[in-house]
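Report on one structure; see the data block that follows.
The values are calculated or read from the model by the stated rules, or taken from the named source; none is laboratory data. Just so we're clear, the structure is a prediction, and the values are computed from it rather than from any experiment. Neighbour counts run over all protein chains shown; Cβ positions are idealised from the backbone, glycine included. Surface areas here come from the heavy atoms of the whole protein model, side chains and all, with no ligands, DNA or RNA. Shrake-Rupley method; radii C 1.70, N 1.55, O 1.52, S 1.80 Å.
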Amino acid sequence: MTTSRVSGFYKLSPEERLEKVAQARNLSEEDKQILSGAAPFPLRTANAMIENVVGVMSIPLGIATNFKINGVDRFIPMATEEPSVVAAASNAARTSYDLGGFHTSLSGSIMRGQIQVVDITDPYGAMARIYENKKEILDRCNAKDPTLVSLGGGAIDVEVHVIERAKQPMVVLHLLVDTRDAMGANAVNTMAEAVAPYIEEITSGRVVLRIISNLADRRLVRARAVFSTEELGGREVVDNIIRAYEFAECDPYRATTHNKGIMNGISAVVLATGNDTRAVEAGAHAFASVTGRYRSLTRWELNREGNLVGTIELPMAVGIVGGATKSHPTARLGLKVMDITNAEDLAGAIAAVGLAQNLAAMRALAAEGIQKGHMALHARNLAMMAGAQDDQIDQIVKQAIQEKDVRYDRILELTKQLQEGAVHGN
Ligand SMILES: CC(C)(COP(=O)([O-])OP(=O)([O-])OC[C@H]1O[C@@H](n2cnc3c(N)ncnc32)[C@H](O)[C@@H]1OP(=O)([O-])[O-])[C@@H](O)C(=O)NCCC(=O)NCCSC(=O)C[C@@](C)(O)CC(=O)[O-]
Ligand SMILES: NC(=O)C1=CN([C@@H]2O[C@H](COP(=O)(O)OP(=O)(O)OC[C@H]3O[C@@H](n4cnc5c(N)ncnc54)[C@H](OP(=O)(O)O)[C@@H]3O)[C@@H](O)[C@H]2O)C=CC1
């Protein structure tokens, strides 16, 4: 892989950017057609993916630059409708590049399936009977997914919880399943449904729900990076970033927006790789409140050299097989662009983007304010809304930024002026 540290990538045309990525990653002509949207997403594929299909909806796909993750340079595909997100991620990653980039780890690839058992008279007796029959439970589950077992995964353990606060006590069996390179919801749900009649037999209770839990606390990803205080704008800016982080740690109103900023990056990569954005988002927000207080998913501190150290920790249930990861042609290429061939590296890359995204937003908030960078990029959107032609957008945006007036009204005026001028000029 050539370097991901590409200065001025954003100044190239979309075709030139694609060519750079294609050269670095050996993309074929067909790959390029798919990524650029020149090869339309087949309706037949869409119709096989969801129900009542009438068409497809396109979302822009950008490439974040400057990411070095565990010593490997990676281009990061991001699918998002929000301006300044890709720029921000690239901007923050840039300030960590020369200090070694991002380092990541994953606690495992274990998901939890929950089996809820009600109408039980002796919940603690039932709990004991489940543990006594653990081997048979796991064998029955694993018989349902020989592929997963052959890959070193499968059901590996059970946990039993008694919920006493319910109107009637209930027993909840957690099936712990190593889903390897798959997100695992279908695999886990299949096992949970298959084993439920046996659980009823053991417990003399009645099973109601049999479903995966999205609080994937046995699949925690962690990322760490050191960011250059000098490149972030100096000690005052960095001190303000730490104050901003402390604000999020202590106040749920701020923490929610802080974490939304993190998810700007995370959801964009999750979507670009065909993974389930809702599963990751639900897991992230639940994890942010497991202590009983909703808090930041990141932590920020200074190292001995006075540089900023950022860390992030959250559940990351993503796969490189299963779901839409292989059936969606662009998602498949998302992994190729990143040069990722296992779910662990994918989880690490997503966490790195979340960390960078958080820093970029906090730096802007703690220095010049978010609107300067964000609105300058949003202005292109506004110009298009105002009816500007492709060759008029740059001029209108430049003028609005110069005037420090990036509002739709003003951009509409500028667009009209330019278009009337062009008509009169004729
Ligand atoms: C927007 C920037 C990056 C400009 O920042 P800048 O200082 O004008 O950028 P620069 O010209 O000095 O360039 C620095 C690097 O940024 C990147 N970059 C620079 N411009 C572009 C561009 N047009 N397209 C793509 N990449 C760009 C690029 O990597 C470039 O490196 P180079 O290529 O020159 O070596 C900066 O102001 C920034 O990081 N802002 C933060 C924006 C942000 O966080 N947006 C998220 C949406 S707001 C939100 O939803 C979340 C929030 C804010 O509420 C969360 C929270 O509250 O915590
Ligand atoms: N609450 C939630 O989050 C829910 C999410 N979903 C959806 O479930 C989907 C994800 O489920 P998932 O189980 O991952 O998808 P799949 O069932 O499509 O894929 C998983 C299967 O792929 C096979 N496989 C092949 N290679 C590997 C490998 N290297 N590692 C692991 N498995 C491998 C396995 O066996 P085999 O070949 O036998 O299939 C495995 O069971 C997503 O679309 C998600 O939206 C569904 C319900 C609820």
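See the values below:
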item	result
Any pair with Cβ under 6 angstrom, 6 or more apart, that starts in the range 123-149 at a residue that is in contact (Cβ under 8 Å) with a residue 60 or more places away in the chain and ends at one that is assigned to a helix (DSSP H, G or I) and within 16 Å of ligand 1 (Cβ to nearest atom)	none
Residue in the range 285-298 that is crowded, with 20+ Cβ neighbours inside 10 Å and hydroxyl-bearing (Ser, Thr, Tyr) present	yes
Meets criteria (at pLDDT 95 or above, under 20 Å from VAL221 (Cβ atoms), outside any strand (DSSP E or B) and more than 16 Å from ligand 1 (Cβ to nearest atom)) for GLY125	no
Top-ranked residue in the range 62-81 [being in a strand (DSSP E or B) and out of contact with any Lys or Arg (no Cβ under 8 Å at 6 or more places or on another chain); ranked as farthest from ligand 1 (Cβ to nearest atom)]	VAL72
Among the candidates ALA331, ALA324, residue that is within 13 Å of ligand 2 (Cβ to nearest atom), assigned to a loop (DSSP other than H, G, I, E, B) and open to solvent by less than 30 Å² (accessible area, probe 1.4 Å)	ALA324
Residues located in the range 139-162, provided they are under 30 Å from the mean Cα position of the chain (by Cα) and part of a helix (DSSP H, G or I)	CYS141, ASN142, PRO146, THR147, LEU148, VAL149, SER150
Residue match in the range 163-179 (condition: loosely packed, with under 15 Cβ neighbours inside 10 Å, in a strand (DSSP E or B) and away from ligand 1 (no atom under 16 Å from the Cβ))	yes
Evaluation of ALA182 against (1) surrounded by 20 or more Cβ atoms within 10 Å (Cβ to Cβ); (2) over 27 Å from the mean Cα position of the chain (by Cα); (3) of a type outside the set (Asp, Glu) (one fails), failing number	(2)
Sole residue being at pLDDT 95 or above, within 16 Å of ligand 2 (Cβ to nearest atom) and not in a loop (DSSP other than H, G, I, E, B), chosen from VAL337, VAL280	VAL280
Verdict on ASP251 being at pLDDT 95 or above and either closer than 28 Å to LYS68 by Cβ or in the same structural domain as THR121 (by TED's automatic domain parsing) (or both)	no
Qualifying positions in the range 185-230 - in a loop (DSSP other than H, G, I, E, B), open to solvent by 30 Å² or more (accessible area, probe 1.4 Å) and either modelled with pLDDT under 95 or more than 11 Å from ligand 2 (Cβ to nearest atom) (or both)	SER204, ASP217, ARG218
Extreme residue, farthest from LEU382 (Cα to Cα), among residues of the range 76-97 that are surrounded by fewer than 24 Cβ atoms within 10 Å (Cβ to Cβ) and in contact with a strand residue (DSSP E or B) (Cβ under 9 Å, 6 or more places away or on another chain)	TYR97
Lone unmet requirement of (1) outside the structural domain of ILE262 (by TED's automatic domain parsing); (2) of a type in the set (A, V, I, L, M); (3) in a loop (DSSP other than H, G, I, E, B) for ALA317	(1)
Residue count, the range 1-14 (criterion: away from ligand 1 (no atom under 16 Å from the Cβ) and surrounded by fewer than 11 Cβ atoms within 10 Å (Cβ to Cβ))	0
Residue within the range 382-399 that is within 14 Å of GLU82 (Cα to Cα) and either in contact (Cβ under 8 Å) with a residue 40 or more places away in the chain or not in a loop (DSSP other than H, G, I, E, B) (or both) present	yes
Any hit, the range 51-61, residues being part of a strand (DSSP E or B), assigned by TED's automatic domain parsing to the domain that holds HIS328 and touching a Ser or Thr at 6+ places or on another chain (Cβ under 8 Å)	yes
Boolean, ARG17 is away from ligand 2 (no atom under 16 Å from the Cβ) and surrounded by 11 or more Cβ atoms within 10 Å (Cβ to Cβ)	yes
Selected residue [within 16 Å of ligand 1 (Cβ to nearest atom), buried (at least 17 other Cβ atoms within 10 Å of the Cβ) and within 30 Å of SER28 (Cβ to Cβ)] from ALA364, ALA356, ALA360, ALA383	ALA356
Restricting the range 43-59 to residues that are in contact with a helix residue (DSSP H, G or I) (Cβ under 8 Å, 6 or more places away or on another chain) and over 18 Å from ARG17 (Cβ atoms), the residue that is most open to solvent (accessible area, probe 1.4 Å)	VAL56
